[in-house]
Amino acid sequence: MKKRGHKFWQAIALSFAAGLIICVGIAVWIKTQLSPEAQTLLPGLLKDHFIPLFILVVLLLLVGAWFLDSILRQYIRPLRKIAEQISLVNPANPSHRFEIEGAAEIQQLCDQLNQGAAHYESLINNIGSRVNTARAQSEDEKNILAAIMSELPEGVIVCNPDGQILLYNNRAKLLLSGSGDDSREKPGRFIGLGRPIFGVFDENLIRHTIDQITDKLARDEPNVVSYFVSPGAENTLLRVEVVPVLNHRRQYSGLILILSDITRQLESQNYLNLSLQSFTRAIRASFAGIRSAIETILDYPDMDAGRLETLKKIIHKESLSIGNILERDPTLSSHAMFNQWPLVRVAVRDLFEMLQTRCLQSLNLHVHVEDLSTEHYVSVDHSSFLLAMLFVIQQIQTTTGVGELTCRLTPLRRFVGLDLLWAGHPIKADVWKAWETLPLVVEKEGLALTLREVIDHHNAEIGVYASRRLKDKFYVRFFLPVPYLMRPEKSRSITILPESRPEFYDFDMFLQPAQHPELESRKLAELTYTVFDLETTGLNPNEGDEIISIGAVRIVNGRLLQNERFEQLVDPRRSIPWTSVKIHGIHPEMLQGRPTVDEVLPMLHDFAKDTILVAHNAAFDMRFLQLKEQQTGVRFRNPVLDTLLLSAVVHPSHEDHNLESIAKRLGVRILARHTALGDAIATGEMFLKFLPLLSQQQILTLQEALAASRKTFYARQKF
Amino acid sequence: MPKEILIVDDEVSIVVPIQFLMEQQGYNVIVAKNGEDALDIIFKYRPDLILLDIMLPGIDGYEVCEIVRLNPEFRDVKIIFLTAKGREVEIAKGMALGADAYIVKPFSNAEVVEKVKELLSDTHEKTGT
């Protein structure tokens, strides 16, 4: 039976009341108006013909009720439906037409409305086609830009001043996450639109770089590029060039990061350096023997025959030796000659200051800087050299237990000595020699390079000494060559955006404030969502049904991102009933060897980090996730919006809020129904269409949406 | 009394000519092939001058130099690094350890003789006063 609303019962009540008033009225009229004879006549009449009269009254009442009901059905309810559906035409689904049952007038109204809708639709199309023409023109430019981006041998990432990624190319993704199978992608290094850049590179590194750039901009320096080196996917080393983006008013409005893989160059360069060094040394040693021997022979012509013979043999042997060395010929690979890991000129004062800060932060150790009277410069790669110094300090700290150190600059003739002094115990030679072969790791931040490699790259040396002037004072000295030749660094010019922003990806996010915990008061249209759907073995999470497929997509700034998706089949470790296989088409064989829910849920958690979860009939899906909390240790604390509830909020008179009906109402096509990803995408598109409808009901913020969802009728159904 | 010179080098091609050279100058020569032996000899016989290679098996020349210099008793022992490590940074590093001279291979015999004479005559004068 059709559900009767409040209004119907109100109408019934009203008619009863009306009937009652009429009866009372009649009685009063009888009493007052009719003659006494008629009055006494009346009860007699009533008594005699009680039954027919009674039947008459009941019939009248029924007629009244039926009349009211048909009015309700023919006029009132259709009008309400029309009212709701009008909002559909504008703006969600302009091709929606009204097909409402009701009285002839209602049909007429529908026809007029349909005509209006048709006008509206053609208008929209007209405007739409003009916009499309304009778009097609910029489409060409976009395509060129896209082609350039994808053809670049370097990875490019652009982010706004808050560190949110606005744009990136596939190469960047490959360099950072590897080209592995998606299902094995390591969580936590997701690169994607709207995600923070700090999830990709170490936060300290980025902040330090940004500080440097801001500094350079403030001083109006022409060359505003900064570099650092960072580990990439699959044991590679990346060089990251950072260029600021200025808007047309020359204000800092973003960053461009250019990533190149220098592992090969570094490897071949290291190899080259080492080969060259050992080559030279070997030649020196052998040659020394020859020279010394021959000079001895020449200076002492009277030496005894035996000694002469020995010396001659030495000369011969070492000559052969040199011959062999030359044969070896470290094949100098010509392309590895240029330095891909650039050294930047830096004032020692600044270097010491940075060291002080880092030591305090990472090692909780106080570094005192001895007064620097004159300006001295060195050529270093900031991050790796600082890390090297930090590493050495940490080693000193753990070996000798000191709580503070002093930094000192000792100018030598062609070098500077950067000394780290401590008071107390010396460090044995074999101990500190071992440091050189250790990889540089300090408090979880590190490089896949050893101390020796970094020192060599800087053409530097390191030694541990005892102070000759001060008792019980020791120091580690970094010998750094003084940059006497100012190599003009290959500079990139600053990128300045034109006044009208070209729309490639999402430059609107330049102006968007960063995501903060105060999500509830944020506007729905601005938030980031993860729309997901689960396929399961059955409908009873409490009775052992398991997840077999997860699909999820991201909505950023009102757009569903097609290329940032999460799709994973899950091994449920149990059988799958035939009835469910018929629905989702996932056979047990397809799940063999898939990761289990313990491995997949953490990945989903990372994918959905800091977003709002959206699902259709979310109570069902969230129940599955909650039941796994103990087992996987993963808690989904994100706010959740349910499209089923939102549909009831927006269209309360309709009763069918399943996926297909809502999709039909909103004009959303579902591709791949009953696959996790297909349903997730459909849900996402539906959700986007709900947003303007919700705003018409003054539901603009997350808080309001959650409150409205709670109120609706279906919220009473619980899993 | 003839001065004692310790040559520390594992390469025969260096040891033979230099030993001959020094003996011709009238010095007594002891030879060590590695760092440990060198330290033994130093502590036992207290040479006046050490011709020290750096790239030695086991303890290297840097350590030997450091250990000798740490001991105030051996303050007067002269140390000359004689090594193929010729980069400027390496020279700076070696000299910072307190060596008296640094000779890079290949060298001329005259160079070595001159340096040794210079350093040992100083001592001679010092002990004279």
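Of all the numbered requirements in (1) free of Cβ contacts under 8 Å to residues at least 60 places away in the same chain; (2) open to solvent by less than 60 Å² (accessible area, probe 1.4 Å); (3) assigned to a helix (DSSP H, G or I); (4) of a type outside the set (A, V, I, L, M), residue B:44 misses one, and that requirement is (2).
Hey, can you tell me all the residues within the stretch A:275-302 that are surrounded by fewer than 16 Cβ atoms within 10 Å (Cβ to Cβ), among the hydrophobic types (A, V, I, L, M, F, W, C) and either without any contact (Cβ under 8 Å) to a residue 12 or more places away in the chain or at the interface with another protein chain (Cβ under 10 Å from one of its Cβ atoms) (or both)? Answer for the stretch A:275-302, where residues must be surrounded by fewer than 16 Cβ atoms within 10 Å (Cβ to Cβ), among the hydrophobic types (A, V, I, L, M, F, W, C) and either without any contact (Cβ under 8 Å) to a residue 12 or more places away in the chain or at the interface with another protein chain (Cβ under 10 Å from one of its Cβ atoms) (or both): just A:298. If you filter the stretch B:100-123 down to residues that are within 13 Å of residue B:78 (Cα to Cα) and open to solvent by less than 10 Å² (accessible area, probe 1.4 Å), you find that the one that is nearest to the other protein chains (Cβ to nearest Cβ) is B:116. Selection of the stretch B:44-66 for residues being among the hydrophobic types (A, V, I, L, M, F, W, C) and within 12 Å of chain A (Cβ to nearest Cβ) yields B:51, B:54, B:55, B:59, B:64, B:65. In summary, residue A:669 fulfils each of the numbered conditions (1) touching a Lys or Arg at 6+ places or on another chain (Cβ under 8 Å); (2) not in a helix (DSSP H, G or I) with the single exception of condition (1).
Here residue A:638 meets each of (1) in contact with a strand residue (DSSP E or B) (Cβ under 6 Å, 6 or more places away or on another chain); (2) surrounded by 19 or more Cβ atoms within 10 Å (Cβ to Cβ) with one exception, condition (2). Inclusion of residue A:100 among residues that are in contact (Cβ under 8 Å) with a residue 24 or more places away in the chain and in contact with a Cys (Cβ under 9 Å, 6 or more places away or on another chain) is not warranted.
Of all residues in the stretch B:1-38, those that are more than 14 Å from every other protein chain (Cβ to nearest Cβ) and closer than 13 Å to residue B:82 by Cα total 2. Among the residues making up the stretch B:47-74, those that are part of a helix (DSSP H, G or I) and of a type outside the set (A, V, I, L, M) are B:61, B:62, B:63, B:65, B:66, B:69, B:72, B:73, B:74.
Yes or no, residue by residue, for (1) within 11 Å of chain B (Cβ to nearest Cβ); (2) within 20 Å of residue A:229 (Cβ to Cβ); (3) modelled with pLDDT of 85 or more:
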residue: A:415; (1), (2), (3): yes, no, no
residue: A:422; (1), (2), (3): no, no, yes
residue: A:443; (1), (2), (3): no, yes, no
residue: A:447; (1), (2), (3): no, yes, no
residue: A:454; (1), (2), (3): no, yes, yes
residue: A:462; (1), (2), (3): yes, yes, yes
residue: A:469; (1), (2), (3): no, no, no
residue: A:473; (1), (2), (3): no, no, yes
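For residue A:434, indicate whether it is farther than 15 Å from residue A:389 by Cβ and more than 10 Å from chain B (Cβ to nearest Cβ). When the stated conditions are applied, residue A:434 passes them. Note on the stretch B:67-83: among residues that are within 10 Å of another protein chain (Cβ to nearest Cβ) and surrounded by fewer than 22 Cβ atoms within 10 Å (Cβ to Cβ), the one that is farthest from residue A:468 (Cα to Cα) is B:67. Please determine, by comparing only the residues of the stretch B:84-94 that are touching a Phe, Trp or Tyr at 6+ places or on another chain (Cβ under 8 Å) and either among the hydroxyl-bearing types (Ser, Thr, Tyr) or within 9 Å of another protein chain (Cβ to nearest Cβ) (or both), which one is surrounded by the fewest Cβ atoms within 10 Å (Cβ to Cβ). Within the stretch B:84-94, the match that is surrounded by the fewest Cβ atoms within 10 Å (Cβ to Cβ) is B:88. Is at least one residue of the stretch B:100-110 within 13 Å of the chain's Cα centre (by Cα) and in contact (Cβ under 8 Å) with a residue 60 or more places away in the chain? There is no residue in the stretch B:100-110 that is within 13 Å of the chain's Cα centre (by Cα) and in contact (Cβ under 8 Å) with a residue 60 or more places away in the chain. Looking only at the stretch A:311-324, residues that are open to solvent by less than 60 Å² (accessible area, probe 1.4 Å) and within 9 Å of chain B (Cβ to nearest Cβ) come to 5 in all. Here is the figure for the stretch A:666-715: residues that are among the charged types (D, E, K, R) and modelled with pLDDT of 85 or more total 4. If you check A:682, A:705 for being under 12 Å from residue A:533 (Cβ atoms) and in a helix (DSSP H, G or I), only one passes: A:682. Return the pair list, or none, for Cβ contacts closer than 6 Å from residues in the stretch A:666-677 that are farther than 19 Å from residue A:689 by Cα to residues that are open to solvent by less than 60 Å² (accessible area, probe 1.4 Å) and at pLDDT 85 or above, at least 6 apart or on different chains. That search, which allows pairs on different chains as well, returns A:672/A:678; A:676/A:533; A:676/A:535; A:676/A:549; A:676/A:550; A:676/A:551.
Only residues that are under 23 Å from the mean Cα position of the chain (by Cα) and polar (S, T, N, Q) were counted in the stretch A:206-254, giving 5. Taken over the stretch B:1-18, the residue count meeting the criterion of being over 16 Å from residue B:41 (Cα atoms) and either modelled with pLDDT of 90 or more or out of contact with any strand residue (DSSP E or B) (no Cβ under 6 Å at 6 or more places or on another chain) (or both) is 9. Taking the criterion of being buried (at least 20 other Cβ atoms within 10 Å of the Cβ), outside any loop (DSSP other than H, G, I, E, B) and among the small types (Gly, Ala, Ser), the residues of the stretch A:600-635 that qualify are A:615, A:618. It is to be established whether one or more residues within the stretch A:481-494 are modelled with pLDDT of 75 or more and surrounded by 14 or more Cβ atoms within 10 Å (Cβ to Cβ). There is at least one residue in the stretch A:481-494 that is modelled with pLDDT of 75 or more and surrounded by 14 or more Cβ atoms within 10 Å (Cβ to Cβ).
The values are calculated or read from the model by the stated rules, or taken from the named source; none is laboratory data. Since this is a predicted model, take the numbers as computed values, not measurements. As a convention, Cβ positions derive from the backbone with ideal geometry for all residues, glycine included, and neighbour counts pool all protein chains shown. Each accessible area value is taken on the protein alone, full model and side chains, heavy atoms only, with ligands, DNA and RNA left out. Shrake-Rupley method; radii C 1.70, N 1.55, O 1.52, S 1.80 Å.
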